[in-house]
Amino acid sequence: MAKNLKLKSARAALDMSQQALAEAVGVSRQTINAIEKGDYNPTINLCIAICKVLDKTLDELFWEN
Amino acid sequence: MKLVPEQTDLLNDEGLDEMQKTYAYKLAFKCFKALYWSMFLLSLIMFFIAIAIEESVIFTVAAIAIELVTCIIYVIFGTKASKVGAINPKFAQNMAKPSVIIGYFVLAVIYTIMYIKNFMKDGDFFIIFFGIYLLIFCGHFIALGFISKKNNKVIEETEED
């Protein structure tokens, strides 16, 4: 699975740490880390929660071009 | 300050998030599989030890008890998984075949007859207990056959409208 650089840059743009994003969506920091590294495929519910916190759409963060 | 630590264990999934649960469940599934075959192997080893040390009843009973518990847990897992159609489709297709269920049923009947004949005649220790051992094994496969049928039925019923 490819790295999710879109998620990483969207998080960085808001100056959020992995820990802060993890707390905002109710998961562990390791989960956010695994998603960004492409090691874990999150559920749609978690994707939506991340999108809401980062104020992005699913396409913007999780659609692979 | 808590003097007694909270009751928990390694297999407690409380507090794990979805990623941690996914990985933990995957690992637990593999460990369950390994445990299943290890228990069967252990029961067989105990059975042969029983024969080697002059027909020890304790080892024989232990071997049969281990096998029985292993089969029961496996069947419980299958029963629960079949309710949502979560059994391996290839396995379910093969096990649900009438020939498989009938085959194991015939074997079970043969072992029962063997068991009764030998038991009545005060027969050979090995045949009597190996009969029981194989009977449990056949019973568990017959149960898996019916569980697979249920699994396939659930899948058929939940196909798109």
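The values are calculated or read from the model by the stated rules, or taken from the named source; none is laboratory data. Fair warning: this is a prediction, and the values are worked out from it, not measured in the lab. Glycine also receives a Cβ, built like all others from the backbone with ideal geometry; neighbour counts cover every protein chain displayed.
Among the residues of the range A:46-58, are any in a helix (DSSP H, G or I), more than 11 Å from the chain's Cα centre (by Cα), away from chain B (no Cβ under 14 Å) and surrounded by 11 or more Cβ atoms within 10 Å (Cβ to Cβ)?
no
If you go through the range B:53-64, how many residues are surrounded by fewer than 13 Cβ atoms within 10 Å (Cβ to Cβ) and on the phi < 0 side of the Ramachandran plot?
3
Can you tell which of B:A108, B:A92 is closer than 14 Å to B:I132 by Cβ and either surrounded by 14 or more Cβ atoms within 10 Å (Cβ to Cβ) or not acidic (D, E) (or both)?
After ruling out the rest, the residue left standing is B:A108.
Per-residue answers, yes or no, for (1) more than 25 Å from B:M46 (Cα to Cα); (2) crowded, with 17+ Cβ neighbours inside 10 Å; (3) in contact with an Asp or Glu (Cβ under 8 Å, 6 or more places away or on another chain); (4) at pLDDT 90 or above:
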| site | (1), (2), (3), (4) |
| --- | --- |
| B:Y74 | no, yes, no, yes |
| B:N88 | yes, no, no, yes |
| B:V100 | yes, no, no, yes |
| B:F125 | no, no, yes, no |
| B:F130 | no, yes, no, no |
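Limited to the range A:4-37, what total is found for residues that are closer than 12 Å to A:V53 by Cα, part of a loop (DSSP other than H, G, I, E, B) and away from chain B (no Cβ under 13 Å)?
Total satisfying the criteria: 2.
Among (1) away from chain B (no Cβ under 11 Å); (2) in a helix (DSSP H, G or I); (3) exposed (fewer than 12 other Cβ atoms within 10 Å of the Cβ), there is one condition A:L61 misses while meeting the rest; what is its number?
(3)
Could you tell me whether any residue of the range B:73-88 is of a type in the set (A, V, I, L, M, F, W, C), more than 18 Å from the chain's Cα centre (by Cα) and not in a helix (DSSP H, G or I)?
Among the residues of the range B:73-88, at least one is of a type in the set (A, V, I, L, M, F, W, C), more than 18 Å from the chain's Cα centre (by Cα) and not in a helix (DSSP H, G or I), which makes the answer yes.
Taking the range B:1-52 as the region of interest, how many residues are within 14 Å of chain A (Cβ to nearest Cβ), loosely packed, with under 13 Cβ neighbours inside 10 Å and not in a helix (DSSP H, G or I)?
So the answer is 3.
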